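Student: Quick one: the structure is below, and I'll ask about it shortly.
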Amino acid sequence: MDIFTLWLGWVLVGACGAAIVALAYARSALIAGEGAPAFVVGCGWFVGQFALTLWMRAQSAVGVPFGVASIGLPLLAVTALTAWLALRRNRGSIVALLRDAPRRFLGAGLVRRQRALWLALVAWIGIRLALLLLEVLRRPLYPWDAWTQWATKARVWFELRRMAPFVPLSDWLAAPAGSVYVDAAPHYPATVPLTQTWSATLLGRWDDALVNLPWWLSGVAFGLALYGCLRQLRFGALAALAGTWLVLSLPILDTHVALAGYADLAMAAYLTLAALSWLRFVQTREWPDLAIACVLSAACVTIKNPGIVWVAMLVPGIVTAWLPRRGRMLAAVAFAVAAAAALVLTETSVTILGYRLQLDYDMPWRGLFDAYLAYANWHLLFYGALAVTALGWRRLLQPEVAPFTIIVAFGVAFLLFGFAFTNARIWVEDQSTVNRATLHLAPLIVVWMMMAFRAWAEGLRNLDSPGDAVAPREGMMPPA
Amino acid sequence: MNHRDAIDDAATGAADAAAAAGATPAAAHQASAAAETHRRRDAWRVAVLFAVVLVACVGAYLAVTLPGAWFPGASPAAWGAKELVLARGTGRVQGGELIVSAPDASGVTLITVTSNLRASDYHGVAWVVAGLREDAEVRLLWRTDVQPGKLNLLPVRVESGRTLLIVITPKDQGWIGHVTGLALAIQGPLPQPVTVRGVIAKPMGAWETLADRFREWFAFEAWNGASINTVVGGAENQDVPMPAALAAVVAICVGIILLLRRWRPRAFVAAVPTIAVALFIAAWLLLDVRWTWNLARQERATALQYAGKTPHEKLLASSDAPLVAFLDKARAVLPSTPVRVLVAANADYFRERAAYHLYPHSVYARPRSNELPDPATLRAGDWVLVYQRLGIQFDRQHGKLRWDGHAPRDAELKLVEPGAALFVIR
């Protein structure tokens, strides 16, 4: 019974988010577009999860104890209200969307060979997700930071039914007995622990394994949202599913689902969806895109402390998309200014977000090679990225690809700067942080790779047949 | 979704063009059939090319790495832990492993084994050793019947605490005649016990080398403390990483296709990007099959350990069991309302783990440091939980608790077990 309540509680969170997203897009063309059901459900889950944690924060601030009813009933009311409003605004599209979703899931509309590939890929992803679900449901909290700095807070907040403060050790010693708590990272944000608190509240007990259900749900929802986003980027159904599979098959991402408890998976998902929402907003200039982009960006900041830097890394790409002509120049200037500022800062030995800057450049190449190219963390992601860069370098700055190129370039520069000029260097050499930090950017690298590859392939086609009157086909090729 | 392929294809393009140009249904059908034929032919050609390049790469790898004959007559010779002799140092054989706890007084650990190998038949020696320092100075030693008085040696590389295979080439002149004894020498102190499971002399033929690579790639990689940071993909030390090997094969295939298109444009009808992406996806899928297989094996291991157990039984089935058993007793003694608890343990793991299990008590466990605060900073009613921590003394007669040279505090012993205790400050 308790596990039923757990699932029901999380379905409610997802439904709440989906209803909010559906309401936001009720009058937008997106709701009737390709991949809309997957996007609404997937992106909605992340919006719902963030909304849940905001509500729990507010509840704790005003002194209402956590409980299934005190958290769940307001969520239920919001879900019902937003769903009703969304249906009122665009009943036809939303009903059609709900009606078509199962058919589309089974590959309806694809020709026979494509449908076979589609179903095979869906089944393959399904096997992966089933294995991960079993692991999440059975394995007690396992990785180190999960029980030294994330679930510590969740456990206390669940037991106390409020968000008790976590403080540094020195403050703990000085504070009145029992008024404050301490763990290995008391300054870490509350979003991720609050999701475990909600799981435990639904269960009515602390269960080291079941509290981690949101990690598996995040994996599934991220797949759905990413598929929807790739469809919006005008990839064919099969290509979008392949892109989704590329992301969901990354071993380090799967590990973060299976060995749940870290915030890196959530960081990667929110950052990717925030970036894609911002770029969509620049294209459509519609307020729902802006609103969703703002919500997801705000979530990034509250998931991990480096979230604010990651969100800042999106700005040059957004500017490039907004101002295609001057944007690339502005991005180049921003890059130069950021590089100069960073180099100046390294001379001060200042510590930012826990990273101590130092000027003695020493890139840990061997560690990077092992992490990205030798070990199994990323399958062939970085080989693919290097190949796309080499083959399609002339097209990386064409308007459709440039914003992605610039976001990825800034992200990679941020990572490499951190590895070369801060104490994070040793965490590359011992492989302790390099992959986790890269995970935040990896899904965007996949999207960029697909965009750049499509641009390169399209360029080759035009070279081969400049006067070809046949329209480009759907799928990896962009529409005319 | 329309009926067009997701993959660009010139032949299908022609069929589409025929249809678009208003050709008769028969002509359109003919064009479509031709496109299908071209597509199948391309698929076969690409598959054959992939296989040929794979075989060629394997051949090139063997040509570069094999130090002797490709198909030698000799079989690998192996010695287990029981046949090893710890000539210098302290240790014992336990569970099929020689566990060396300390070197001798001069700082040398020497493990020997008597052998009778024809040197020309064997070109590799693998000591199965774990627990070494990354900078450990390790050497392979051997004697032969040609120069019985001469001790030959070669340095041994260490990675991830393990010794790597030592390949003996014709340049290593002492490897002649019959090898009558092998030894492993470790210079310097051993911060942790070193385990030696045995030694294998390898002829290093083609099949054996390929089997070794295959074993490395498909070795089961169970979850461990580092898994959240890195997925190695098989054995920890690998001569050739599988992603790199597949990337090389794909790159060579694409290169050949580009060259073929220049000299024989009709060799492949499909566009280069189509073929490149198909090869890339195929290679990715191979890696993903390996990863999924590993996940399935891991899930089976997890099920054996945890399936059907309650949350508390799961903890008792984990490596935490002794700690959890003590904490169960401690929790029974501690007040039901949250109190301040100071956790003392030498190992970071036990300190942090005990803290986690004790929440929602307000637990103080210093991360990454064994240092404890001055007892004077504690208050009456605070608790101190000790688990495998040296340097804590309790004077039962006077009820005084002290640690690390600080002034003692009045305290009461509430629970004691071997290596663990619980006190309340008075």
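Every number here is computed from the coordinates shown, using simple stated rules; none is lab data. For clarity, every value in this text was computed on a predicted model and none was experimentally measured. Glycine gets a Cβ as well: all are built from the backbone with ideal geometry, and neighbour counts include every protein chain shown.
Student: Show which aspartates and glutamates lie in cross-link reach of B:Lys309 when reach means a straight Cα distance below 13 angstrom and same-chain residues fewer than eight apart are skipped.
Tutor: Filter leaves A:Asp207, A:Asp208.
Student: When the dipole is taken about the Cα centre of the stretch B:364-426, and only Lys, Arg (+1) and Asp, Glu (-1) are charged at their Cβ, what size is it in debye, to the nearest 20? Don't skip to the answer; put the middle values down first.
Tutor: Working: 10 positive and 8 negative charges, 10 e Å.
Using only the charged Cβ atoms, the result is roughly 40 debye.
Student: Here is a follow-up. Can you tell me the order of B:156-168, A:29-41 when each peptide is scored by its average per-residue count of other Cβ atoms within 10 angstrom, highest first?
Tutor: Numbers: B:156-168: 17.8, A:29-41: 22.3.
By packing density, highest mean first, the sequence is A:29-41, B:156-168.
Student: Starting from the 7 Å offset along Cα-to-Cβ, what nm value, one decimal, do you get for the label separation of A:Ala96 and A:Ala80?
Tutor: Placing both labels 7 Å beyond Cα along the Cβ direction yields 3.0 nm.
Student: Still on this structure, please answer the following. Roughly how many Å is it from the Cα centre of the stretch B:330-374 to that of the stretch A:357-397, as a whole number?
Tutor: The stretch B:330-374 and the stretch A:357-397 have Cα centres separated by 42 Å.
Student: Within 15 Å, Cβ to Cβ, of B:Gly91, how many net charges do the neighbouring residues add up to if Lys/Arg are +1 and Asp/Glu are -1?
Tutor: Details: positive: B:Lys82, B:Arg88, B:Arg92, B:Arg197; negative: B:Glu83, B:Glu97, B:Asp104.
Summing Lys/Arg as +1 and Asp/Glu as -1 gives +1.
Student: Given A:Trp365, A:Val311, A:Ala437, which one lies farthest toward the positive end of the charge dipole of the stretch A:305-460, if we put +1 on the Cβ of every Lys and Arg and -1 on the Cβ of every Asp and Glu?
Tutor: Comparing the listed Cα positions along the dipole, A:Val311 ranks first.
Student: While we're here: Listed highest first by mean packing, meaning other Cβ atoms within 10 Å per residue, what order do A:79-85, A:178-184 come in?
Tutor: A:178-184, A:79-85
Student: Take peptides B:54-62, A:396-404, A:371-379 and line them up by average Cβ neighbours within 10 Å, highest first, as a rough protection proxy.
Tutor: Details: B:54-62: 14.2, A:396-404: 19.8, A:371-379: 23.3.
The densest-packed peptide leads the list: A:371-379, A:396-404, B:54-62.
Student: What are the trypsin sites (Lys or Arg not before Pro) within the stretch B:165-234 that DSSP puts in a loop, where the Cβ has at most 12 other Cβ atoms within 10 Å?
Tutor: Numbers: sites: B:Lys171, B:Arg197, B:Arg213, B:Arg215; in loops: B:Lys171.
Sparse-neighbourhood loop trypsin sites (Lys or Arg not before Pro): B:Lys171.
Student: Cα axis of helix B:242-263 to longest principal axis of chain B: angle in degrees, 0 to 90, nearest 10?
Tutor: 20 degrees
Student: Now, a different point. Measuring from centroid to centroid over Cα atoms, what is the spacing of the stretch B:98-161 and the stretch A:418-432 in Å?
Tutor: Each part reduced to its Cα centre gives a spacing of 33 Å.
Student: Along the Cα→Cβ direction, 7 angstrom out, place labels at B:Ala78 and A:Val122. What is the inter-label distance in nm?
Tutor: 4.7 nm
Student: Any idea what % of Cα-Cα pairs in the protein assembly as shown are farther than 41 Å? Walk me through the numbers on the way to the answer.
Tutor: Working: 190100 of 409965 pairs.
Percentage above 41 Å: 46.
Student: Along the Cα-to-C-beta direction of A:Met363, a point sits 7 Å from the Cα; which residues of the stretch A:400-428 have their amide N less than 20 Å from that point?
Tutor: Those under the cut-off are A:405-428.
Student: If you take each beta carbon of peptide B:229-242 and count the beta carbons of other chains within 10 angstrom, what is the mean?
Tutor: On the way: counts 16, 15, 12, 7, 6, 2, 0, 1, 0, 3, 0, 1, 6, 4.
If you average over the peptide's residues, the count of other-chain Cβ atoms is 5.
Student: Please work out the Cα center distance from the stretch A:212-258 to the stretch B:385-426, rounded to the nearest Å.
Tutor: Here the two parts' Cα centres lie 53 Å apart.
Student: How high is the FRET efficiency from B:Val128 to A:Arg88, r the C-beta distance, R0 60 Å, rounded to 0.05?
Tutor: Numbers: r = 71 Å, r/R0 = 1.18.
About 0.30, to the nearest 0.05.
Student: OK, next. To the nearest whole number, what is the average tally of beta carbon atoms from other chains within 10 Å of the beta carbons of peptide A:140-148?
Tutor: Numbers: counts 10, 2, 7, 6, 8, 3, 2, 6, 10.
The mean count of partner-chain Cβ atoms within 10 Å per residue comes to 6.
Student: Quickly estimate the mean residue ellipticity at 222 nm for chain B, helices only: each DSSP H run with n ≥ 4 gives -39500 (n - 2.57), and the total goes over all residues, rounded to 500.
Tutor: Details: 8 runs with 152 residues, N = 426.
Roughly -12000 deg cm²/dmol at 222 nm, from the helical runs in chain B.
Student: Then there's this: Below 8 Å between Cα atoms, with a sequence gap of 6+, how large is the relative contact order for chain B in percent?
Tutor: Details: 664 pairs, mean separation 51.8, N = 426.
Once divided by the residue count of chain B, the mean separation gives 12 percent.
Student: Could you please report the charge total around A:Pro37, scoring K, R as +1 and D, E as -1 over all other residues with beta-carbon less than 11 angstrom from its beta-carbon?
Tutor: Details: positive: A:Arg99, A:Arg103, A:Arg104, A:Arg231; negative: A:Glu34, A:Asp100.
That works out to +2.
Student: Here's another thing I want to ask about it. Roughly how many nanometres apart are two label points built 7 Å out from the Cα toward the Cβ at A:Ile352 and B:Ile392?
Tutor: 4.2 nm
Student: Which helices, counted as full DSSP H runs in chain A, have an axial Cα extent of no less than 18 Å and a Kyte-Doolittle average of 0.0 or above? Could you put the intermediate results ahead of the total?
Tutor: On the way: long enough: A:2-24 (33 Å, 1.91); A:36-61 (36 Å, 0.94); A:68-105 (37 Å, 0.67); A:112-138 (39 Å, 1.00); A:191-203 (19 Å, 0.60); A:213-232 (29 Å, 0.87); A:264-284 (29 Å, 1.00); A:287-303 (24 Å, 1.75); A:307-322 (22 Å, 1.89); A:324-346 (33 Å, 1.25); A:402-421 (27 Å, 2.29); A:442-464 (33 Å, 0.73).
Helix filter hits for chain A: A:2-24, A:36-61, A:68-105, A:112-138, A:191-203, A:213-232, A:264-284, A:287-303, A:307-322, A:324-346, A:402-421, A:442-464.
Student: Let me ask another. Calculate the mean, over all residues of peptide A:109-122, of how many other protein chain Cβ atoms lie within 10 angstrom of the residue's Cβ. The partial results should precede the final answer.
Tutor: Values: counts 3, 4, 6, 1, 4, 6, 1, 0, 1, 2, 0, 0, 1, 0.
Taking all residues of A:109-122 together, the mean is 2.
Student: Taking every pair of alpha-carbon atoms in the stretch B:77-204, give the share separated by more than 19 Å as a whole percent. Could you put the intermediate results ahead of the total?
Tutor: Numbers: 3547 of 8128 pairs.
The share of Cα pairs beyond 19 Å in the stretch B:77-204 comes to 44 percent.
Student: Between the helical axis of B:348-358 and the dominant principal axis of chain B, each derived from Cα atoms, what acute angle in degrees is found, rounded to the nearest 10?
Tutor: 80 degrees
Student: Here's something else I'd like to know. Quick check for me: using +1 on Lys/Arg Cβ and -1 on Asp/Glu Cβ, what's the dipole size of chain A about its Cα centre, in debye to the nearest 20? Display every interim value, and only then the final one.
Tutor: Working: 36 positive and 25 negative charges, 311 e Å.
About 1500 debye.
Student: Would you mind calculating the relative contact order of the stretch A:305-460 from Cα pairs under 8 angstrom and at least 6 residues apart, reporting the percent as a whole number? Intermediate results must be reported in sequence, preceding the final value.
Tutor: Working: 159 pairs, mean separation 46.6, N = 156.
Relative contact order, the stretch A:305-460: 30 percent.
Student: Further question: Suppose R0 equals 41 Å. What FRET efficiency, 1/(1 + (r/R0)^6) with r the Cβ-Cβ distance, do B:Leu286 and B:His29 give to the nearest 0.05?
Tutor: On the way: r = 36 Å, r/R0 = 0.89.
After rounding, the FRET efficiency stands at 0.65.
Student: How far, in degrees from 0 to 90, does helix B:206-218 lean away from the longest principal axis of the Cα atoms of chain B, to the nearest 10?
Tutor: 60 degrees
Student: Cut-off under 26 Å on the C-alpha distance; same-chain residues fewer than 8 positions from B:Lys414 excluded. Which lysines are left, in chain and number order?
Tutor: Correct list for B:Lys414: B:Lys329, B:Lys400.
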